[in-house]
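Supplied in structure tokens, the structure appears directly below.
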Amino acid sequence: MAYTVLVVSVVMALSPLVAALLRRAVAVPLVVIEILLGMLVGPTVLNWIVVDGLLDAVAEFGLAMLFFMAGMEIDFRLIRGRPIRRSAVGWLLSLAGGIVAGVLLASTTTAGIFIGVALCSTALGTLLPILIDTKAMRTPFGTAVTAVGAVGEFGPLLAISIFLSSREPQNSAIVLIAFVVVAFGAIFLAARGKHRSLHGLIAATLHTSGQFAVRLVVLVIAALVTLSVLLGLDMLLGAFAAGVLVQYLLASAPPVDAKLVRSKLDGVAFGVFVPIFFITTGVGFDLRGLLADTSSLVLVPVFLVLLLVVRGLPGLLSAPPGSTGADKRALVLMTATGLPIIVAVTAIGQDDGALAAGTATALIGAGMLSVLLFPLLASTVRRTPTDAQASADH
């Protein structure tokens, strides 16, 4: 166990350094590097570590933290109205197209539904840093990508809870409504009032070993994840709702304290738990099996193209008025970028025995390629004013 901890810690520390070195030639997303290094130290290459019970449990919490951060970072005031409505319509088209494509490719209808849900996701957690770094977050293009990503993260969670549950769809819908009522009731209470006593306690422990803010967040995540699991829903739904709740709770805190709490949560999530999830994904990725199975290997480019067609093209509905051709092409590419939901859906499908290992590996491989290629291509086809000015200055 100590050896596994050491190897994972080395990979976590090396990943940002490798990303910085590669950035001189090509901007490779950090999550891709973490997965690739996980493959390197796992059974695929060096066989230094394998996925055991404890590592898998920590990785599950890392996945929950990823969706918690997505829920906390989405600015719902920015995307309300036209952006979210058009993104929702586009996602429904993606879901329908994905299920049709999945059923045609899979041996069973259930497997086809798993494939369809995986194909209709968007990796908002990967796209947000890109929007921030390129100063595009508050632009119409950034708003469109955020809206598409929010629906592309939350929509599949709803689909998992309704279509991939062991209950009948109507019963699943009733349970889901019950969860939504409880979660949004808590969010409504968090959004009301100043919560001075709570924020006073948070401020008093920000620089002590108490760290009440971080402990409270862990409690909120655990409570909503547990509630979602007890109701038979996917745990990621609870994690996402926890992020929204904490976002509104921090809105009433003094700005300096809120910024510091967010910084601490960034450190906990992206410094520890989220990297473990992606590294574990790489460790468990069966590259040898994929390469040995010609039919599964052929599915990788097929799924990659389907991500563009099924998920990317409906993203055009969210294009802001007056968008350039470059903006539209970039929006298609960013909308089609997906990985975390794909990993989650394929894991559920394999656990249920509905999805073949080769198909799951091919889906994850296509998701990895989408994260590696699509944001890079989007940045290439769309030059922001900041980029243009930087080029002119040099």
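Could you tell me which residue of the stretch 336-358 is most open to solvent (accessible area, probe 1.4 Å), considering only residues that are in a helix (DSSP H, G or I) and among the polar types (S, T, N, Q)? Step through it out loud before you land on a result.
In the first step, residues of the stretch 336-358 are kept if they are in a helix (DSSP H, G or I); the result is 340-351, 357-358.
This time we only want the ones that are among the polar types (S, T, N, Q), so: 346, 350.
Values: 346: 1, 350: 83 Å².
Here the answer is 350.
Assess whether residue 333 counts as being touching a residue at least 40 places away in the same chain (Cβ under 8 Å) and open to solvent by 10 Å² or more (accessible area, probe 1.4 Å). Step through it out loud before you land on a result.
Working: touching a residue at least 40 places away in the same chain (Cβ under 8 Å): yes; open to solvent by 10 Å² or more (accessible area, probe 1.4 Å): yes.
It is true that residue 333 is touching a residue at least 40 places away in the same chain (Cβ under 8 Å) and open to solvent by 10 Å² or more (accessible area, probe 1.4 Å).
Which of the residues that make up the stretch 240-289 are part of a loop (DSSP other than H, G, I, E, B) and over 29 Å from residue 37 (Cα atoms)?
251, 252, 253, 254
State which residue is surrounded by the most Cβ atoms within 10 Å (Cβ to Cβ) when the search covers only the stretch 51-84 and only residues that are outside any helix (DSSP H, G or I) and in contact with a Ser or Thr (Cβ under 8 Å, 6 or more places away or on another chain). Spell out the reasoning first.
Taking the stretch 51-84 first, the residues outside any helix (DSSP H, G or I) are 51-52, 74-75, 80-81.
The next check asks that each one be in contact with a Ser or Thr (Cβ under 8 Å, 6 or more places away or on another chain); those that pass are 51-52, 74-75.
Working: 51: 17, 52: 12, 74: 22, 75: 13.
Among those residues, the one meeting the criterion is 74.
While we're on this one: Counting only residues that are open to solvent by 20 Å² or more (accessible area, probe 1.4 Å) and part of a loop (DSSP other than H, G, I, E, B), how many does the stretch 290-320 have?
The total comes to 2.
Quick grid of which residues meet (1) aliphatic (A, V, I, L, M); (2) open to solvent by 40 Å² or more (accessible area, probe 1.4 Å); (3) more than 18 Å from residue 301 (Cα to Cα); (4) in contact with a Ser or Thr (Cβ under 7 Å, 6 or more places away or on another chain):
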{"site": "108", "(1), (2), (3), (4)": "no, yes, yes, no"}
{"site": "121", "(1), (2), (3), (4)": "no, no, no, no"}
{"site": "127", "(1), (2), (3), (4)": "yes, no, yes, yes"}
{"site": "132", "(1), (2), (3), (4)": "yes, yes, yes, no"}
{"site": "136", "(1), (2), (3), (4)": "yes, no, yes, yes"}
{"site": "147", "(1), (2), (3), (4)": "yes, no, yes, yes"}
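Every residue in the stretch 194-205 that is open to solvent by less than 40 Å² (accessible area, probe 1.4 Å) and among the hydroxyl-bearing types (Ser, Thr, Tyr), please.
205
To continue, here is another question. Residues in the stretch 209-221: is at least one within 19 Å of the chain's Cα centre (by Cα) and among the aromatic types (Phe, Trp, Tyr)?
No, every residue in the stretch 209-221 fails to be within 19 Å of the chain's Cα centre (by Cα) and among the aromatic types (Phe, Trp, Tyr).
Per-residue answers, yes or no, for (1) open to solvent by less than 30 Å² (accessible area, probe 1.4 Å); (2) closer than 26 Å to residue 193 by Cα; (3) not aromatic (Phe, Trp, Tyr):
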| position | (1), (2), (3) |
| --- | --- |
| 207 | no, yes, yes |
| 223 | no, yes, yes |
| 231 | no, no, yes |
| 234 | yes, no, yes |
| 240 | yes, yes, no |
| 244 | yes, yes, yes |
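Does residue 97 satisfy the condition of being within 22 Å of residue 282 (Cα to Cα) and either crowded, with 16+ Cβ neighbours inside 10 Å or modelled with pLDDT of 85 or more (or both)? Outline the logic, then answer.
Working: within 22 Å of residue 282 (Cα to Cα): no; either crowded, with 16+ Cβ neighbours inside 10 Å or modelled with pLDDT of 85 or more (or both): yes.
Here the answer is no, as residue 97 does not meet what is asked.
Any residue in the stretch 266-284 that is of a type in the set (D, E, K, R) and closer than 30 Å to residue 199 by Cβ? Reasoning before the result, please.
Kept after step one, since they are of a type in the set (D, E, K, R), are these residues of the stretch 266-284: 266.
Right, trim to closer than 30 Å to residue 199 by Cβ and you get 266.
Yes, the stretch 266-284 contains a residue that is of a type in the set (D, E, K, R) and closer than 30 Å to residue 199 by Cβ.
The values are calculated or read from the model by the stated rules, or taken from the named source; none is laboratory data. Owing to the predicted nature of the structure, the values given are computational and were not obtained by experimental measurement. Glycine also receives a Cβ, built like all others from the backbone with ideal geometry; neighbour counts cover every protein chain displayed. What goes into the accessible areas is simple: the full protein's heavy atoms, side chains included, and nothing from ligands, DNA or RNA. Shrake-Rupley method; radii C 1.70, N 1.55, O 1.52, S 1.80 Å.
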